[in-house]
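Since the structure comes first, as structure tokens, the remarks are kept for the end.
The values are calculated or read from the model by the stated rules, or taken from the named source; none is laboratory data. On a predicted model such as this, the values are computed, not experimentally measured, just so you know. With ideal geometry, Cβ positions are generated from the backbone for all residues, glycine too; neighbour counts draw on all protein chains shown. With ligands, DNA and RNA removed, areas are computed over all heavy atoms of the protein, side chains included. Shrake-Rupley method; radii C 1.70, N 1.55, O 1.52, S 1.80 Å.
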Amino acid sequence: MSAPPPASWPVWKLALLLYPFAAGAVAINLFMLGLMAPVVGLRSLAPITAVKWSIGLGVPATWATGRWLRHLMDQADETT
């Protein structure tokens, strides 16, 4: 008798786990974009403002990252 297959992680659990990392990446990217803003005549973006924006913008980034990771996990399960 073989063991049952391991339960796969749903996307929402992966997203909860990855949110701090994805939101941090969004904050860094927004801040870097804000540093380049004066080149085109806009104001630069303060680090605190980038962090505030990343709280909301981190949600879709996290969901996309969770879906991508779930896809990679499914591919890895198929090859074994």
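Of all residues in the range 40-55, which are part of a helix (DSSP H, G or I), farther than 16 Å from residue 23 by Cα and open to solvent by less than 70 Å² (accessible area, probe 1.4 Å)? The answer is none; no residue qualifies.
The number of residues in the range 6-16 that are open to solvent by 100 Å² or more (accessible area, probe 1.4 Å), touching a residue at least 12 places away in the same chain (Cβ under 8 Å) and in a helix (DSSP H, G or I) comes to 1. Within the range 56-80, the only residue that satisfies the criterion of being surrounded by fewer than 16 Cβ atoms within 10 Å (Cβ to Cβ) and either touching a Lys or Arg at 6+ places or on another chain (Cβ under 9 Å) or outside any helix (DSSP H, G or I) (or both) is 80.
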